[in-house]
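Below you'll find the structure, written out as structure tokens, and then a few comments.
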Amino acid sequence: MPDQKEKAEALQDLLKISIKRRANLRRMFTNQAKKVEPIFEHPAISEDDMELLKATQLKFQDARPELRELDKEIQNIHVILGHEDSADKDFEEADSLADHQLTF
């Protein structure tokens with residue numbers, strides 16, 4: 001049976017994975033937004049552009065629940081570890097990873 005130190009290490013590993021997954025999801029949101037942004041610069045929207053907008057909307061709808069779950073998971077791990085005050089840093093780290101286009 002794992003001792004407290006092993007449990008804490010396993011939770012830290014899970015936290016790192018969750019942060020990376022959240023960063024990847026956020027990056028997907030950013031990349032999709034960049035793809036559709038030029039569409040709105042034109043007065044008329046083509047059928048292909050409409051299809052891209054619909055596909056992007058579906059990706060966003062599918063990703064939102066996972067993003068919320070990852071947020072809860074990160075918060076819960078911090079509570080279990082007793083590090084509630086540092087949870088915001090992990091969200092900032094995930095955002096920073098996404099902004100710098102790191103891949104995992």
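Computed from the coordinates by the stated procedures, all read-outs in this text should not be read as laboratory data. Just so it is clear, the structure is predicted and the values come from calculations on it, not from any experiment. Virtual Cβ from ideal backbone geometry, glycine too; neighbours counted across all protein chains shown.
Structure notes:
- R0 of 22 Å, Cβ-Cβ distance residue 63-residue 42: FRET efficiency to nearest 0.05: 0.25
- Nearest-ten-degree value, helix 87-99 long axis tilted from longest Cα axis of the chain: 40
- Taking 7 Å steps out from each Cα toward its Cβ at residue 50 and residue 31 produces label points 2.7 nm apart.
- With the Kirkwood sum run over all distinct C-alpha pairs, the chain has a hydrodynamic radius of 15.6 Å.
- Angle in degrees between helix 4-36 and the longest Cα principal axis of the chain, rounded to the nearest 10: 10
- Net dipole in debye of the stretch 17-68 [+1 Lys, Arg Cβ; -1 Asp, Glu Cβ; about Cα centre; nearest 20]: 660
- The angle between the Cα long axis of helix 47-81 and the main principal axis of the chain comes to about 10°, on a 0 to 90 degree scale.
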